[in-house]
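Working notes, beginning with the structure itself.
Every number in this text was worked out from the coordinates using simple rules, so none of it is lab data. Just so you know, these numbers come straight off a predicted model, no measurement behind them. All Cβ positions, glycine included, derive from the backbone under ideal geometry; neighbour counts span all protein chains shown.
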Amino acid sequence: MSDLLVHFPKRHDLTVVPLFCACDKCLRGVHYWPMTAGGRILRKLGACLAGLLLTGLTATAAELKINLADGFDFPVGKPNADGYFKARGLRLRSPQHFGEDWNGRGGGDTDFGDPVYAVADGIVTFAHNVHVGWGNVVLTRHAYRDSTGNVKFCDTLNGHLSEILVKEGQLIKKGQLIGKIGSNFGMYPAHLHFEIRLNINIGMQRTNAPADMINWADPTDFINKHRKLNHEWRPVPVPTGTYQEYAGYKGL
């Protein structure tokens, strides 16, 4: 694009004067010219520049698309949680517990370092050590088609991990290793705290959403209900920027 800007005026014997750059930043060694010469509009150059800009914008937007899930598996002992048991379940009334705690059948810390898997195709929306009662946390976002045929989104939270093995913004596949079971650095016996949220604005701010089944899902019930979904080839745009900042991290 810089060659076009430099050589086009010279080839057409145009008088040029600098123009501002719309983004307030100029390419090194490139000057900007007005779109007029002798009272005529340089439609060709203007159209070319507009096309280049629009192409760049379209490419950027197209990057954030994810596949529709063809089904959901359990986050441990894939695909059916073999070798694990649910020590605690979802409880939205006091004392609240917004997800499930999964433990290895060996008991104690025998499951420390065991693999944690992505439950479906999607994208990582948060992957940080936020300390306090959480430690290492990975949030993932998934698109799926519900029983009415509409595309819906849900988030998962995978907490207290000993290791994070993915990065924010990374596309993931069902069954992909995303972390390892931990204990929040010794605060708890080793286990995976796992949540599914139907409200994708929650992020790490759980008190901002009412404790009801509009915002939360029972993870086991949700997975069992969506074990097998039709495979679709066309990816869908994924919402981003839905989280409030937490512990200095904004998320995708």
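Sorted from largest down, give the three principal axis spans of the alpha carbons of region 56-181, whole angstrom values.
Principal-axis extents of region 56-181 (Cα, largest first): 52, 33, 30 Å.
Excluding same-chain residues fewer than 8 positions from K180, which aspartates and glutamates have a Cα within less than 17 Å of its Cα?
Result set, ordered by chain and number: D73, D82, E100, D101, D109, D111, D114, E163, E168, E195.
With a cap of 16 neighbouring Cβ atoms within 10 Å, and only residues DSSP puts in a loop, list the chymotrypsin sites (Phe, Trp or Tyr not before Pro) found in region 148-225.
The qualifying sites are F185.
With the cut-off at 28 Å, tell me which of the pairs K225/K250; K86/K225; K86/K250; K65/K250; K78/K250 have Cα atoms farther apart than that. Can you show the working numbers first?
Working: K225/K250 31 Å; K86/K225 17 Å; K86/K250 30 Å; K65/K250 20 Å; K78/K250 30 Å.
The answer is K225/K250; K86/K250; K78/K250.
Where does region 183-252 land on the Kirkwood hydrodynamic radius, alpha-carbon pairs, in angstrom?
Roughly 15.0 Å, rounded to one decimal.
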